Each structure stands twice: as structure tokens, then as C-alpha cells.
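Notes follow the structure.
The values are calculated or read from the model by the stated rules, or taken from the named source; none is laboratory data. For clarity, every value in this text was computed on a predicted model and none was experimentally measured. All Cβ positions, glycine included, derive from the backbone under ideal geometry; neighbour counts span all protein chains shown.
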Amino acid sequence: MNRNDSERHAVWAPLFFSLVMVVGMVLGFNLRDSLRNKRDVITVLQRNDRLEEIIDLVNEKYVDTVSGNAMYQNAVGGILRNLDPHTIYIPPDDVEGENDDLEGTFSGIGVEFAIVRDTIQVTAVIEGGPASNAGVIVGAQMIRVGDSLVAGRHITTDQIVHLLRGKQKTRVLVTFRDPVRAELQQVPITRGVIAINSVEANIMLDRTTGYIKINKFGGKTTSEFKKALKALLDQGAQQMVVDLRDNPGGYLEAATSIADEFLNDKKLIVYTRGLHSARTDYRAGEPGKFETGRLVILIDERSASASEILAGAVQDWDRGLIVGRRSFGKGLVQEQYALADGGGLRLTIAKYYTPSGRCIQRSFANGRSAYQEDFENRYRSGELTGKPDEFKSDTLPFYTASKRVVFGGGGIKPDIYVPYDTTKTSAALSALVYSQETKTATWDYFMQHRREMNFKNTDDFQQRFHGEEAMFRQFVRLIKPKDQPSVWKLLRSREHMGYFKTQLKAQIARLIFHDNGYYAVMLTEDEMVRKSLEVLKNGTYESLLKESVVAPKKKAALEASLLQKDQKRRHKRSDDRW
């Protein structure tokens with residue numbers, strides 16, 4: 001070897017050995033990960049084999065016949081029982097219904113119905129839907145669906161729905177009895193996409209106050225809400241009441257989109273974070289249609305999840321007042337995964353936090369049963385009926401944009417508390433309102449007087465309709481003699497009698513004007529709505545939100561300070577870790 005070759009070898013040898021070392025390290029790490037994954041796969045297979053072995057032994061040796069499918073579902077339930085109460089397995093038969101409900105559509109014929117005297121009565125026909133296009137009218141009686149006799153068979157609502165729903169563009173032959181001529185007619189109807197409205201009502205409470213009722217946050221809620229909001233603004237609404245009572249939540253994106261209609265300047269609406277989910281911020285972005293008018297959000301103990309996101313954002317930014325009772329307390333985000341058996345796993349993947357940093361998830365440390373008994377516990381403690389301060393929330397305070405103190409750890413506490421009205425919501429009175437006798441009396445009155453139902457709008461109906469007494473007399477005639485003493489005892493109370501007759505009137509209004517008609521009547525006696533109108537008129541609104549004492553520049557500085565403090569707080573709180 002000459003001198004030049006020796007020098008080249010001296011230069012390249014260290015580089016060569018370094019390259020070999022790097023390649024070896026990479027292969028070593030990949031081999032380690034491969035072996036680890038292999039061990040994980042082997043562990044999973046061993047566990048599956050163990051489960052299969054147990055089920056096989058039970059099927060072969062157990063003293064009685066058992067369902068293998070039921071054992072699988074129980075096994076899944078056992079696995080999930082140690083997780084949070086909102087992580088659930090959805091059986092294959094229930095997946096489609098669950099998805100349809102959230103997406104806001106299903107495939108059917110487009111009618112609403114009630115079962116009266118064991119006969120399916122068409123109570124509403126969706127305009128432009130398949131049944132409407134086929135000439136079906138309100139009052140038609142459903143006798144057969146396909147080859148199945150449905151009249152006089154004690155059929156249930158679920159059974160009827162199963163017969164009427166089906167794949168889009170498939171045809172179903174329905175036999176109706178005409179309500180006027182009593183003739184039978186076979187009507188072929190081609191199923192189509194039917195919307196399930198999540199914005200249940202939008203009406204004017206007075207000349208300047210609009211009202212929107214949202215019953216869930218689904219795939220079409222945002223578009224429905226924007227349409228309803230525009231309609232009310234066109235009618236002169238200057239202030240708004242948004243009703244989230246009994247709203248169990250739904251899609252987070254729907255809640256943030258609606259919050260965007262109220263918030264400006266890219267304000268934070270909510271953020272989510274979990275052990276395997278990086279922080280995601282949801283902010284106002286698009287110009288909203290109602291960013292400055294006075295706003296009230298109604299909540300109660302059944303307002304959950306996405307409802308609490310909207311209410312929390314409005315409260316933390318002092319954008320409006322929250323009226324009602326403490327919300328459910330669900331601060332967990334679920335994602336649904338399809339499973340091989342056709343079922344679904346709705347798995348909690350993150351927690352959500354309001355703009356001030358609150359996680360409002362209430363504790364489930366005492367198990368699922370205790371968690372589900374929360375309503376009864378609130379009632380027994382007096383929190384629902386007049387002692388809102390009995391609830392002890394997080395000891396760690398949070399602050400709204402105007403430095404109002406709020407707490408997390410158990411739902412959104414309202415700014416103005418309205419107790420549960422036991423006089424109108426007793427179990428016995430509710431059972432009477434939704435009894436078969438009440439339904440029959442209402443329907444009979446409507447069919448007997450349907451040609452007189454020529455009201456221009458809900459205001460005209462409120463002023464000119466006076467059929468409550470006649471309906472009540474029909475109701476009394478339908479009550480069985482053995483039940484009459486208990487019914488009269490219940491309706492002896494003036495409050496109960498007044499509420500019952502208002503319900504009769506509201507049910508007729510629903511048959512004429514759909515849900516808008518029902519709410520136009522019932523909200524006249526709604527205590528939360530009455531309180532909302534009161535605080536909007538008497539100065540309480542501005543006083544509580546401090547709009548009259550916080551200058552715009554100072555308020556902007558407080559908002560900036562709020563976000564900075566939240567940034568620091570998030571790194572300190574231990575409940576961010578899963």
C-alpha cells in the first residue's frame with residue numbers, strides 16, 4: 001500500500017465505521033419496536049383466546065341454554081364499566097338509529113302519527129315529503145303497511161316506525177281510510193330522506209324578543225339555527241332567548257358554530273385535550289348575525305355536553321346571562337368507532353374546557369349508579385326546589401371576562417336561579433297530560449272542528465281559540481269510573497287544573513302550527529321564560545354583566561388578561577392528565 005492509499009484509508013475508515021454504527025442503532029430500535037408490537041399482538045390474542053375459551057366452555061357445559069351474543073355484550077360491558085359513564089358499546093341493531101338521530105335525517109315516508117283507539121292517525125304530513133307528494137292528508141287512518149295489518153292489533157309506535165322506514169327510493173304500499181268519506185285507498189309511497197328537526201321552535205315572545213328552542217346538536221342544527229335566527233331578526237327581534245333545557249348535547253362542532261353567531265374577534269369558545277389527543281382550540285371566526293344584542297340562555301339539570309359548551313362560552317365572555325338551574329355536568333368528548341360486529345364504540349377521548357379554563361365534568365368516582373342518580377340527589381338535597389347554594393362546586397375559582405367568579409367541576413351554574421316547579425311537573429300530572437284519554441279527547445275535538453281551524457297565526461289562535469272547556473268535558477267522559485276519584489283529586493288544585501287545560505289548548509295549537517304552536521301557548525306560563533323577560537326589562541341584565549361599569553378598553557384588557565392566566569393555569573392543573 002502506497003502512502004496515498006494509506007492516507008485515503010485513514011480519512012474514510014472513521015466515516016465508514018460511524019455509518020455502520022448509525023445503521024446498527026436504527027435496526028436495533030426498529031427490531032425492539034417490532035418485538036414489542038409482536039408481544040402486544042401475542043398478548044391480545046392470548047386474551048381473546050381466553051375469552052373465547054370461557055364462552056366455548058359455557059356453551060358446551062353449562063346447565064342451561066345461554067346466548068353467546070349476550071355473553072359477548074356482557075363481557076364488553078364489564079370492560080367498559082371501569083371507564084367513565086359516557087364510554088358505551090352500541091349494539092348493531094341500534095347503530096343506525098343513533099346515527100340517524102345525530103345526523104338529523106332518516107329514510108321514510110314523511111308523516112307524524114298518533115295511536116288513538118288502536119288506530120294510527122296521521123297528525124301531520126311533512127310538506128314536500130313522499131307522503132305529501134302521494135296525496136296523504138292529516139286525519140287519514142293507517143290500516144295496512146304492505147301486507148301487515150296495523151289497525152286494531154295493539155301495535156306499538158316502534159313497530160310502526162320499523163314498517164314505515166326503509167332504504168331510500170324503495171316503495172311501500174300503505175292502505176289509508178279517508179277521514180271524510182271513510183273509504184279505503186291503497187297509496188304507493190316511495191321512501192325519501194326526511195329531516196329530523198333539532199331546532200324545535202322559533203317564535204317571538206313579544207315585539208322585540210325572539211325565542212329559539214334547540215333539542216339537540218346534530219348534523220343539521222347549525223343551518224336550522226341560522227335560518228331560525230334570521231327569521232326572528234326579520235320579525236324585529238332585538239334580544240334573544242335560546243332554550244337548551246332537556247338538551248343532551250351532540251356534535252361539538254354544532255355547538256361551536258352556534259356560539260360563533262354570538263361571539264366576535266376570534267374569541268375562544270372551547271378547547272379539548274386528552275392523554276392521546278393534543279389540545280384543540282375552537283374559536284369564533286365567521287361574522288355572527290347576533291354578536292351585540294342582549295342574550296339569555298336557558299339551562300336545567302338535563303342540559304349536557306354541547307349545551308354546556310355553548311352556555312359556558314356565553315357565560316365566560318359575559319356575552320349573556322344564564323338562567324335556570326345547574327346543568328348536567330358532562331365535560332367529556334366522545335368519538336364513535338365502527339366495530340367488526342356492526343356495532344359501535346363511543347369512546348371518551350378528551351375533556352373539554354370553557355374559555356376561562358373550567359372543566360365542568362362532575363365526579364363519577366362513586367360508580368355509574370351514583371352518577372345516574374344525580375337528579376334524585378339534587379331533588380332530595382333541595383337544590384332543584386329552592387336551595388341552589390347547597391351545591392358545593394370546585395374550590396378553585398375561575399373568572400369571566402369582566403372578573404365575575406365562576407366555578408367548574410359539576411356543571412354550569414346559572415347567573416339567575418329558577419327552581420323546579422313541582423306544581424306543574426309532578427309525576428301524576430305528567431301522566432295525566434300524556435294519557436291515552438287526553439290524547440283521544442284532543443284528537444276527537446280537532447277532527448270534529450277541523451274546518452273551523454282557520455287561524456292566521458299563533459297570535460290569532462291565542463286570542464280566538466276557546467275550546468279548552470269542551471275538550472275537558474270530552475276528557476272527563478273518557479275516564480274510567482274507577483280512575484275518576486284520583487283524577488278529580490289531582491285536578492282539585494287550581495294550579496293543576498289551569499296547567500292541564502293549557503296543555504289541551506297547546507296540543508291543538510301543535511296540530512295546526514306544529515311545534516311553534518305548542519310553544520307559543522305553553523311559554524306563556526313558563527317561569528324561566530317569565531324570569532328571562534323580567535331581567536331583560538328591569539335592568540338586571542346590565543347590572544349582572546357589568547356592562548354599565550366596565551369601559552370597553554378596560555373590558556378588552558380584562559379579556560386579554562383572562563386568556564393569559566388560562567395559559568398558565570392549564571400547565572398547573574393535574575386533571576388535564578389521563
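Output the residue which, of all residues in segment 408-432 that are in a helix (DSSP H, G or I) and touching a residue at least 60 places away in the same chain (Cβ under 8 Å), is surrounded by the most Cβ atoms within 10 Å (Cβ to Cβ).
Looking at residues that are in a helix (DSSP H, G or I) and touching a residue at least 60 places away in the same chain (Cβ under 8 Å), I get 432.
Cβ-Cβ under 8 Å, sequence separation 6+ or interchain: first residue in segment 75-101 and closer than 29 Å to residue 165 by Cα, partner assigned to a helix (DSSP H, G or I). Which pairs?
Partner pairs satisfying both residue conditions: 87/80; 88/80; 89/73; 89/76; 89/77; 89/80; 90/98; 91/73.
Based on what the data block shows, is residue 203 closer than 28 Å to residue 325 by Cα, touching a strand residue (DSSP E or B) at 6+ places or on another chain (Cβ under 6 Å) and not basic (Lys, Arg)?
It is true that residue 203 is closer than 28 Å to residue 325 by Cα, touching a strand residue (DSSP E or B) at 6+ places or on another chain (Cβ under 6 Å) and not basic (Lys, Arg).
Going residue by residue through segment 183-200, is there one that turns out to be part of a loop (DSSP other than H, G, I, E, B) and out of contact with any helix residue (DSSP H, G or I) (no Cβ under 7 Å at 6 or more places or on another chain)?
Within segment 183-200, the subset part of a loop (DSSP other than H, G, I, E, B) is 183, 191, 196-198.
From the residues that got through so far, the ones that are out of contact with any helix residue (DSSP H, G or I) (no Cβ under 7 Å at 6 or more places or on another chain) too are 183.
Yes: segment 183-200 contains one or more residues that are part of a loop (DSSP other than H, G, I, E, B) and out of contact with any helix residue (DSSP H, G or I) (no Cβ under 7 Å at 6 or more places or on another chain).
Just the residues that are among the hydrophobic types (A, V, I, L, M, F, W, C) and closer than 16 Å to residue 213 by Cβ, please, taken from segment 514-549.
520, 521, 522, 523, 528, 529, 533
Test of understanding: among 217, 176, which residue is farther than 20 Å from residue 111 by Cα, crowded, with 18+ Cβ neighbours inside 10 Å and not β-branched (Val, Ile, Thr)?
The unique qualifying residue is 217.
Of the residues 304, 237, which is crowded, with 19+ Cβ neighbours inside 10 Å, under 13 Å from the mean Cα position of the chain (by Cα) and at pLDDT 95 or above?
On the way: 237 fails: under 13 Å from the mean Cα position of the chain (by Cα).
Checking each option against the conditions leaves just 304.
Of the conditions (1) in contact (Cβ under 8 Å) with a residue 24 or more places away in the chain; (2) in the same structural domain as residue 314 (by TED's automatic domain parsing); (3) not basic (Lys, Arg), residue 405 fails just one. Which one is it?
(1)
Name the residue that is nearest to residue 118 (Cα to Cα), counting only residues in segment 433-473 that are surrounded by 11 or more Cβ atoms within 10 Å (Cβ to Cβ) and among the acidic types (Asp, Glu).
437
Criterion first (crowded, with 21+ Cβ neighbours inside 10 Å, closer than 13 Å to residue 268 by Cα and at pLDDT 95 or above) does residue 313 satisfy it?
In short, yes.
For the structure I just gave you, tell me whether residue 348 is out of contact with any helix residue (DSSP H, G or I) (no Cβ under 9 Å at 6 or more places or on another chain), over 21 Å from residue 244 (Cα atoms) and buried (at least 18 other Cβ atoms within 10 Å of the Cβ).
Yes.
Can you list the strands (runs of 3 or more DSSP E) lying wholly within segment 227-326 that have 3 or more residues being under 15 Å from residue 354 (Cα atoms)?
268-274, 277-283
Could you look through segment 474-510, keep only residues that are charged (D, E, K, R) and over 33 Å from the mean Cα position of the chain (by Cα), and pick out the one that is surrounded by the most Cβ atoms within 10 Å (Cβ to Cβ)?
Only one residue tops the list, namely 483.
For segment 283-309, which residues satisfy the criterion of being within 25 Å of residue 386 (Cα to Cα) and among the hydrophobic types (A, V, I, L, M, F, W, C)?
If the condition is that a residue be within 25 Å of residue 386 (Cα to Cα) and among the hydrophobic types (A, V, I, L, M, F, W, C), then 295, 296, 297, 298, 299, 304 are the ones that fit.
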